[in-house]
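A.B. asks: Here's a structure for you.
Please treat every number below as a calculation from the coordinates, not as lab data. Because the structure is a prediction, the values reported are computed rather than measured. Note: ideal-geometry Cβ built from the backbone for every residue, glycine included; neighbour counts use all protein chains shown.
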Amino acid sequence: MRAVVLSEYGSLDNLSLTDFPDPEPGPDDVIVDVRATAVNFVDLVLIRGTYQFRPDIPFVPGKGPAGIVRSVGSAITDFEPGDRVVAMAEQGGYAELTPIHRNNCYKVPDSLSFADAASMTLVYDTAWFSLVERGRFERGETVLVMGASGGVGLAAIQLVKALGGTALAGISNPEKADLVCDAGADHIIDLSVDNLKDSLRQQVFAVTKKQGADVVIDPLGDEFFNAAIRAVAWRGRMVLIGFAAGKIPTLKANYLLVKNIDVGGLQISDYRRRRPDLTAKCFSQIFDLYETGKIRPLPSETLPLEDFRAALEKVQNRSLRGRVVLTQED
C-alpha cells in the first residue's frame, strides 16, 4: 500500500510517500480502506518526537481516518466489510489501509461524507469530553471556550449551543471573529488586549452579570490559563486540554478554595483505552446531533494524500480557517 512514512523523528523532511506493508488484522482488528484523514496539530508533535509516546520508527502518522471496512478479524461480529466508519487510531491514518482495534471504530451515518467525518474526529470528541465528561456541563450554563477559532474550539461552541448553553468565544485574532460567530458564539472575548489578567475577567463578567463562566475549556495554557481561572464562576469547572500557547502554567490553590471551583485535565487517548464505552457514547451523541441538524462539520480544505507536506505546513503555520483533510480517490 501507499503510505506517508516517518523515517526519523524531527523534521517534516523525514516524511515520504512510499510503499509500506499492508496491515494484517488481529482477532479484534478492523482493516479500514482509508478515504479521508484530517491533519491535526498533535500529528506535528508526534512527528517531532515530543508527544507522550513515541512509536517505533518507521511508522505512519495520522489520527482519526474515515473509510470503508475492507476486512475484519476472527473475533469481530459488530463490523463487516462495506461498513462506513471513522477510526480513532493514534497513528496510521496517512495510508491507504490502516488496522483499528474494534473498540476504536465507529459507524458513520450514510449522510456524512468521509471528508466531513474525518474533519469531525479528534475535535468533536475532544470537545465533548471536555464539556460533558470533565466539565460536567448542565443545560443553561455559560461556557468560555479559549482558543475558540481552532478546531476543538469551534466544535465546543457548536456543542454548547446544541446542548442548551451560552458560548463565550475567546480569540486572539479579530479576523477570525466571523468563524466563531458562524459556529454560534453568543459573545466574543478578546484575548489580544493589554492587561489580559484583568481584562479577560472584566469581559466575562460584563456578559454574565458578574457571575463568571460555569465551565472554561482551555487548550492554550500559559498566561491565558492564569487569566481565565479568575473568570470562573462559583462552583465552576476549568478543563485544561493543552498548552498551545507555550508555557505550562502553575496554579495558586487559593482560587480553588475561595470559589469552590474544580480544575481538571483531559488526555482523551486514555478514555479510548480505559473507557471505550464512554467514547462510543460520545460518538453516538455527536452523530445524533449531526443527523438532527444541531451541529455540522467544521469548515475544511481537502488535499490529496500526495500533498501531505503542504497540509502539515498549513497546520504548523496556523494559516488555516478550519480544518485540512487528506483525501484519497476510490
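A.B. asks: Can you work out ³J(HN,Hα) from phi for every residue in the stretch 154-166, in order, using Karplus 6.51 cos²θ - 1.76 cosθ + 1.60 and θ = phi - 60°, giving whole Hz and x for Gly and Pro?
C.D. replies: Using θ = phi - 60°, the values come out as 5, 5, 5, 4, 4, 5, 4, 5, 5, 9, x, x, 9 Hz.
A.B. asks: Could you list the trypsin sites (Lys or Arg not before Pro) in the stretch 178-233 that lie in coil according to DSSP, counting only those with at most 16 other Cβ atoms within 10 Å of their Cβ? Don't skip to the answer; put the middle values down first.
C.D. replies: On the way: sites: 197, 201, 209, 210, 230; in loops: 209, 210.
Here the sparse-neighbourhood loop sites are 209, 210.
A.B. asks: For the chain, find the longest principal axis of its Cα atoms and tell me its angle to the long axis of helix 196-207, 0 to 90°, nearest 10.
C.D. replies: Between helix and principal axis, roughly 80 degrees.
A.B. asks: Then there's this: Report for the chain the percent antiparallel among DSSP-assigned beta bridges with both residues inside it, nearest 5.
C.D. replies: Expressed as a percentage, antiparallel bridges in the chain total about 50.
A.B. asks: Treating only the Cβ of Lys, Arg, Asp and Glu as charged (+1, +1, -1, -1), what charge dipole size does the stretch 200-289 show about its Cα centre? Round to the nearest 20 debye. Present the calculation step by step, with values, prior to reporting the outcome.
C.D. replies: Numbers: 14 positive and 8 negative charges, 52 e Å.
Once rounded to the nearest 20, the dipole reads 240 debye.
A.B. asks: Have a look at 112, 257, 154 and tell me which one the Gaussian network model of the chain (Cα, springs below 10 Å) gives the largest fluctuation.
C.D. replies: 257
A.B. asks: Quick one: if you take sqrt(5λ) for each eigenvalue of the C-alpha gyration tensor of the stretch 123-269, what semi-axes come out, biggest first, whole angstrom?
C.D. replies: Values: eigenvalues 71, 58, 49 Å².
Each semi-axis is √(5λ); the values are 19, 17, 16 Å.
A.B. asks: Next question, about the same structure. Check each of the GluC sites (Glu not before Pro) in the stretch 92-182 and keep only those in coil by DSSP with at most 15 other C-beta atoms within 10 angstrom; list them in order. Don't skip to the answer; put the middle values down first.
C.D. replies: Numbers: sites: 96, 133, 138, 141, 175; in loops: 96, 138, 141.
Taking the stretch 92-182 and a limit of 15 other Cβ atoms within 10 Å, the loop GluC sites (Glu not before Pro) found are 138.
A.B. asks: Find the relative contact order for the stretch 123-269 and round it to a whole percent, using C-alpha pairs within less than 8 Å whose residues are 6+ positions apart. List each step's numbers first, then the result.
C.D. replies: On the way: 311 pairs, mean separation 31.7, N = 147.
Once divided by the residue count of the stretch 123-269, the mean separation gives 22 percent.
A.B. asks: Right, next: Between residue 170 and residues 5 or more places away or on another chain, which pairs have amide H atoms under 5 Å apart, with H built 1.01 Å from N, and which residues are they?
C.D. replies: Result for residue 170 returns 145, 146, 147, 148, 189.
A.B. asks: Show me, for the stretch 87-100, the HN-Hα J-couplings you get by feeding each phi into the Karplus relation (A = 6.51, B = -1.76, C = 1.60, θ = phi - 60°), rounded to Hz, glycine and proline as x.
C.D. replies: 10, 8, 7, 6, 7, x, x, 8, 7, 6, 9, 8, x, 10
A.B. asks: Quick one: which residues, 5+ away or cross-chain, put their amide H under 5 Å from the amide H of residue 238? H built at 1.01 Å from N.
C.D. replies: HN-HN under 5 Å from residue 238: 216, 262, 263, 264.
A.B. asks: Cα atoms only, the stretch 1-136: Rg and Dmax in Å?
C.D. replies: Cα only, the stretch 1-136: 15.0, 46 Å (Rg, Dmax).
A.B. asks: Rounded to whole Hz and in sequence order, give me ³J(HN,Hα) for the stretch 295-302 from the Karplus expression 6.51 cos²θ - 1.76 cosθ + 1.60, θ = phi - 60°, writing x for Gly and Pro.
C.D. replies: With coefficients 6.51, -1.76 and 1.60, one gets 9, 9, x, 6, x, 8, 10, 10 Hz.
A.B. asks: Over all alpha-carbon pairs in the chain, figure out the percentage whose distance exceeds 29 Å.
C.D. replies: Numbers: 20123 of 54285 pairs.
Roughly 37 percent, rounded to a whole number.
A.B. asks: What order do you get for 122-128, 307-313 when each peptide is scored by the mean count of other beta carbon atoms within 10 Å, highest first? Numbers along the way, then the final one.
C.D. replies: Numbers: 122-128: 25.3, 307-313: 18.3.
The most tightly packed comes first, giving 122-128, 307-313.
A.B. asks: Among 319, 149, 119, determine the one that fluctuates most according to a GNM of the chain built with springs between C-alpha atoms less than 10 Å apart.
C.D. replies: 319
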